[in-house]
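Bear in mind that the values in this text are calculations on the coordinates, not laboratory data. In this text, all values refer to a predicted model and were calculated from it rather than measured experimentally. Using ideal geometry, Cβ is built from the backbone for each residue, glycine included, and neighbour counts are taken over all protein chains shown.
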Amino acid sequence: MTTPLGARYTNARALGVAGVLAALTVVLAVLALGLGAVATPAAQVWAALWGGGDDLTRQLVLDLRLPRVGVSLLCGAMFAASGAMMQGVIRNPLASPDIIGVGAGAGLAATVFLLAWPAAPPGGLPWAALAGAWGGFGLVLLLSREWRGAGGLHPVRLALVGVAVAAALGAVQQLVLVRAPDGLGSALTFLTGTVYGADAGRLLSVLPWALVLLPAALLLSRTLDVLNLGEDLATGLGTRVGPARLLSLGVGVALAGAAVTGAGILGFVGLLAPHLARLLVGAKHGRMLPVSMLLGALLVLAADTLGRALLPPLEVPAGIFTTLVGAPYFLYLLKRTA
Amino acid sequence: MIEVRNLTKAFPDGTLALNDVNVTIPDGDFVAVIGLSGAGKSTFLRCLNRLVDPTSGSILVGGQDVAPLSGRKLQLYRRTVGFVFQQFNLVTRLSVLDNVLHGRLGYHSTFSGMLGLYTEDDYARARDAIRLVGLSEKEDTRVSSLSGGQQQRVAIARAIAQDPQLMLADEPMASLDPRLSDVILGLLRGYNEEKGVSVLINIHVLEHARRYCKNFLAFNRGRLVASGPIADLTSELETEIYAGSLDAL
């Protein structure tokens, strides 16, 4: 394999890439904040963000549009980080929260939680999703008979079982939604992958998780590098593989669970972003993880913005765009792995 | 000195991969471990660095019985044993230096932060090891762009960077062009002579064993059937070692 763009992977390069991505994200965020029934010029958006502008613009930009953009960015980053960590821990290029049952488990648990307990405090939702995420992931591990993890997880079997479990859990979720009382069910359609209707409440329920888990993921980047060496070598070199794997998986699963409560299952973000990041800055997690997060954030924001701008006033769910891009890439990866 | 006493490894299906193995290996030895595939060579090496847990018996390395070790003590022991794998086990997307630095991982917490893990000393040791295997000018090259022989040299450098008290190599030439065997064996022998570290190599080609090794251990269906100076490995003995296994097939 040759190095793309003929460049070596260095810290300077990673910083450059991260800088460009961050700038792109800011520009796109400002554009997205101006988009809507009442178009707001970028300059006014910028002013509103810094506390200027008139009250109406401020309300429009900060209260109505900012939460949606914020949820897009956070959930995109969390899905991407989750995928990057799972690919690292399981050492499987096909691993991604939506593919190995984590997203579907979280989605189903969140749906059931909201329907069974409509009056629940908003902070409870992520915990339910987290439990569901572990449930889905546990099911996949059990069914692929790799739950002990002793011989390492078998790449293709895990992915296949994961796809099947995700499909089954997704079907159950659809069934629950169909059976749900009118109105309530449609209010939950976001769980199938869109940031439509994301409000300040949803942003505030996702935010603390992002603030804890994203830095935690970065702190584990060295640990993920070690896990990437494979069980035999990592163990042979005298590192603690068991606890390292458990902790990394725990953070990865929690990231996906929390992200699902914000934006539902945004297909393939957790697969695409880390792969793109590796192409851009190499496989070291210290560089790859932050770039993955930026890419995931940018990807989801772009998908949502595109969905809003394409056929107004119709809104195409962001998950559709991410899936349209991600599914062919998944097929390509499958072909290459097999 | 390594003293293996009554070492037995039974796999869950009942197979005796190692059956009551007794052997003493002096310091600074260079040992060929021979026998057919499935004779227990690989299990023997993996018991020595405890990648495989022995069922019974003891393994004294430098006076310490490593067979019952677990947890932190086992980690501390493992980092002092270099292991060269048949398939290299390198991270091909990383540079030569990054891969050799992995040899220093056992000296740091697995949960160290994202920056500044390795010390100056780690870098110095890694660069020394890279020089020893003759790849200094390739230090920053990505491993994926190296030849198979060069990749195995990187893997050897990584093991050397561990500063091991014992070096194990599990068929290190098996996935390489036969002509490269001399390079790999020469490197390991040179390291053995310079540092006095014992080296045990699982080896298929007896001609290589004869040319480079001092002593040999022959396994047949989990038993140590012969051992001694490599000169004693006569063609009659050779036939005996391998014939028994062939009958069993």
query = How large is ³J(HN,Hα) for each residue in segment B:17-31, as worked out from phi by the Karplus curve 6.51 cos²θ - 1.76 cosθ + 1.60 (θ = phi - 60°), to whole Hz, x for Gly and Pro?
reply = 6, 9, 10, 6, 8, 10, 7, 10, 10, x, 4, x, 6, 10, 10
remark   = Normalised per residue, the volume inside the convex hull of the alpha-carbon atoms of segment B:91-163 in Å³ amounts to 82 Å³
remark   = If amide H atoms are modeled at 1.01 Å from N in the peptide plane, then the residues at a separation of 5 or more from B:Val205, or on another chain, having amide H under 5 Å from its own are none
note = The helix B:235-248 Cα axis meets the longest alpha-carbon principal axis of chain B at an angle in degrees, between 0 and 90 and rounded to 10, of 80 degrees
remark   = Expressed in nanometres to one decimal, the distance between label points 7 Å along Cα→Cβ at B:Ser37 and A:Ala22 is 5.3 nm
ask   = For the pair A:Leu142 and B:Ser136, how long in nm is the line joining their label points, each one 7 Å along Cα→Cβ?
value = 5.9 nm
key: Mean Cβ count within 10 Å, highest first, over the residues of peptides A:218-227, B:29-38   = A:218-227, B:29-38
ask   = Counting only residues 5 or more places away or on other chains, whose amide H sits under 5 Å from the amide H of B:Leu166 once H atoms are built in the peptide plane?
value = B:Gly82
Cα gyration tensor category, rounded, prolate or oblate, for segment A:1-106 with a/c compared to 1.5 = oblate
note = Extend 7 Å from the Cα of B:Asp177 along its Cα-to-C-beta direction; within segment B:135-162, residues with backbone N under 14 Å of that point are B:146-152
key: Dimensionless Rg ratio for the protein assembly as shown, taking C-alpha atoms and the 2.2 N^0.38 Å reference   = 1.13
request  = Would you kindly derive the ³J(HN,Hα) couplings of segment B:33-38 from the backbone phi angles with the Karplus curve 6.51 cos²θ - 1.76 cosθ + 1.60 (θ = phi - 60°), listing them in order in whole Hz, with x for Gly and Pro?
outcome  = 9, 10, x, 5, 4, x
message = Taking every DSSP beta bridge with both residues inside the protein assembly as shown, roughly what % is antiparallel (nearest 5)?
response = 55 percent
ask   = Where both partners of a DSSP beta bridge lie in segment B:168-229, what percent of those bridges are antiparallel, to the nearest 5?
value = 65 percent
inquiry  = I'd like the distance separating the alpha-carbon centroids of segment A:265-338 and segment A:193-263, in whole Å.
reply    = 17 Å
inquiry  = Calculate the FRET efficiency for A:Arg13 and B:Ser109 from the Cβ-Cβ distance with a Förster distance of 25 Å, rounded to the nearest 0.05.
reply    = 0.35
message = Given points 7 Å out from each Cα along the Cα-Cβ axis, report the B:Gln87 to A:Asp63 separation in nanometres with one decimal.
response = 6.0 nm
note = If one builds a Gaussian network model of chain A from Cα atoms under 10 Å apart, the most fluctuating residue listed among A:Pro97, A:Pro312, A:Pro290 is A:Pro312
ask   = Which whole-angstrom value gives the distance between the alpha carbon centres of segment A:33-110 and segment B:1-56?
value = 56 Å
message = Give me the extension gain from A:Arg91 to A:Gln174: residue separation times 0.36 nm, minus the current Cα-Cα distance, reported in nm with one decimal.
response = 26.8 nm
query = When Cβ neighbours within 10 Å are restricted to other protein chains, what is their mean count per residue of peptide A:258-266?
reply = 0
inquiry  = Going by amide H atoms built from the backbone, whose H comes under 5 Å of the H on B:Val225, apart from near neighbours?
reply    = B:Ala218, B:Phe219, B:Asn220
key: Peptides A:242-254, A:125-137 ordered by average Cβ neighbours within 10 Å, highest first   = A:125-137, A:242-254
inquiry  = Through the Karplus equation 6.51 cos²θ - 1.76 cosθ + 1.60, θ set to phi - 60°, convert the phi angles of segment A:289-295 into ³J(HN,Hα) values in whole Hz; use x for Gly and Pro.
reply    = 4, x, 5, 4, 4, 4, 5
key: 10 Å Cβ neighbours from other chains, averaged over peptide A:218-229   = 5
key: Shielding by partners, peptide B:74-80 (average Cβ within 10 angstrom, other chains)   = 3
task = Can you tell me the 0 to 90 degree angle between the C-alpha axis of helix A:241-263 and the longest principal axis of chain A, rounded to 10?
result = 20 degrees
message = Can you give me the angle between helix B:120-132 and the longest principal axis of chain B, using Cα atoms only, in degrees from 0 to 90, rounded to the nearest 10?
response = 60 degrees
